[in-house]
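Chemist: Submitted below is the structure of interest, expressed as C-alpha cells.
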Amino acid sequence: ARSRLSKILATLHPRFVRDEHQVVQVAILESSNPLTASTILAPDFPEQFISFFGPDLLIAIPSAHRIYIFSKLVSPVNDIAPTIREDYQLSSSPISTEIFELSHGELRAIGSLD
C-alpha cells in the first residue's frame, strides 16, 4: 500500500507559496484523487520537502484532496489558518483541522486550528 502511495505522490506537483523575499513559506499538494491526503504516509513523502523546510515538517490536511506542508522552525500556520479552516469547512471530503508533525519518519498530531 505504501508503494502505491509513492506512485500517487509522484504524480502530484506541489505549489509553493513564497513571501516577499521569495522564501518558500508553504507547499500545497492538491489533486482530484481522494488518496491525495494519504500520500503523507508514503515513505518518500518527507524527501520531497526537506530541502525547502528541513527535516521536521508540519502538515495540515483539511480535505482528502489538499495538503499544506510547512517548516516546523518557521511556520506560517497562524497566517494561513483561516484558509485551511475554510478548506475544511467547504470540502465535500473533510479530513481534519489538526496540525501534524512529521519528524524522523514519525507522524503525530500536535494541535488543532480550532
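Chemist: Quick one: is Ile40 part of a helix (DSSP H, G or I), closer than 21 Å to Ala81 by Cα and in contact with a helix residue (DSSP H, G or I) (Cβ under 9 Å, 6 or more places away or on another chain)?
Modeler: When the stated conditions are applied, Ile40 passes them.
Chemist: Looking at Leu73, Leu57 in this structure, which one is among the hydrophobic types (A, V, I, L, M, F, W, C) and surrounded by fewer than 17 Cβ atoms within 10 Å (Cβ to Cβ)?
Modeler: Of the residues listed, the single one that is among the hydrophobic types (A, V, I, L, M, F, W, C) and surrounded by fewer than 17 Cβ atoms within 10 Å (Cβ to Cβ) is Leu73.
Chemist: To continue, here is another question. Those residues that are in a loop (DSSP other than H, G, I, E, B), farther than 13 Å from Phe45 by Cα and of a type in the set (A, V, I, L, M, F, W, C), I need them from segment 1-33; list them, please.
Modeler: Passing the criteria: Ala1, Val23.
Chemist: Moving on to the next point. Just checking, which of His13, His104, His65 is of a type outside the set (Gly, Ala, Ser) and in contact with a Ser or Thr (Cβ under 7 Å, 6 or more places away or on another chain)?
Modeler: His65
Chemist: Here is a further query. If I ask for residues that are part of a strand (DSSP E or B), closer than 27 Å to Ser32 by Cβ and without any contact (Cβ under 8 Å) to a residue 60 or more places away in the chain, which ones from segment 81-114 would you list?
Modeler: Of everything in segment 81-114, those that are part of a strand (DSSP E or B), closer than 27 Å to Ser32 by Cβ and without any contact (Cβ under 8 Å) to a residue 60 or more places away in the chain turn out to be Pro94, Glu98, Ile99, Ala109, Ser112.
Read the figures in this text as sums done on the coordinates, not as results from a lab. Since the model is a prediction, treat every value here as computed from it, not as a measurement. As a convention, Cβ positions derive from the backbone with ideal geometry for all residues, glycine included, and neighbour counts pool all protein chains shown.
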